[in-house]
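Here is the structure we will look at, set down as structure tokens.
The values are calculated or read from the model by the stated rules, or taken from the named source; none is laboratory data. Fair warning: this is a prediction, and the values are worked out from it, not measured in the lab. Counting neighbours? That spans all protein chains shown, and the Cβs are built from the backbone with ideal geometry, glycine included. Each accessible area value is taken on the protein alone, full model and side chains, heavy atoms only, with ligands, DNA and RNA left out. Shrake-Rupley method; radii C 1.70, N 1.55, O 1.52, S 1.80 Å.
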Amino acid sequence: MPPLLLMHGTNEQLWVQGAAMRDRLSEVGARHELVALEGAPHGMESWEGHPEWAHYKTKLVEWLSDQLGARP
């Protein structure tokens, strides 16, 4: 299974599902990471213009770089 990066706002209905997926991935030993954006709603388009959630972009680039063995 390829590594997975999950990004979820904690102020959305799917947060529970994301946390459950993280737990299940841990149970089966899958490589994964969950980035929780405290208080964020659903959807990256909703995160734009909010500096408190902007770190997801840097995290995504870092995670991809680590997985691909490359540096931006």
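May I ask for the net charge around W53, where only other residues with Cβ less than 15 Å from the Cβ of W53 are counted and Lys, Arg are +1 while Asp, Glu are -1? Intermediate values should be presented prior to the final figure.
Numbers: positive: K57, K59; negative: E12, E38, E45, E48, E52.
Net charge in that neighbourhood comes out at -3.
Within the chain, what's the longest stretch lacking GluC sites (Glu not before Pro) that sit in DSSP loops with no more than 13 other Cβ atoms inside 10 Å? Numbers along the way, then the final one.
Working: sites that count: E38, E48, E52.
Longest run free of exposed loop sites: 1-37.
Per the 1.4 Å probe, what fraction of the accessible area of the chain, in percent, lies on carbon and sulfur atoms? Walk me through the intermediate numbers first.
On the way: 2740 of 4870 Å².
Summing carbon and sulfur atoms, their accessible area is 56 percent of the total for the chain.
Is the shape of the chain best called rounded, prolate or oblate, per the rule: a/c under 1.5 gives rounded, else a/b larger than b/c gives prolate, else oblate, with a ≥ b ≥ c the square roots of the Cα gyration tensor eigenvalues? Mind showing how you got there, number by number?
On the way: a/c = 3.03, a/b = 1.12, b/c = 2.71.
The shape class here is oblate.
Give me the one-decimal nm value for the distance between modelled label points at T58 and A19, 7 Å along each residue's Cα-to-Cβ direction.
Here the modelled spin labels are 2.6 nm apart.
If each DSSP helix of 4+ residues adds -39,500 (n - 2.57) and the sum is divided by the residues in the chain, what number results at 222 nm, nearest 500 deg cm²/dmol?
Values: 2 runs with 27 residues, N = 72.
After summing the helix terms and dividing by the residues of the chain, the value is -12000 deg cm²/dmol.
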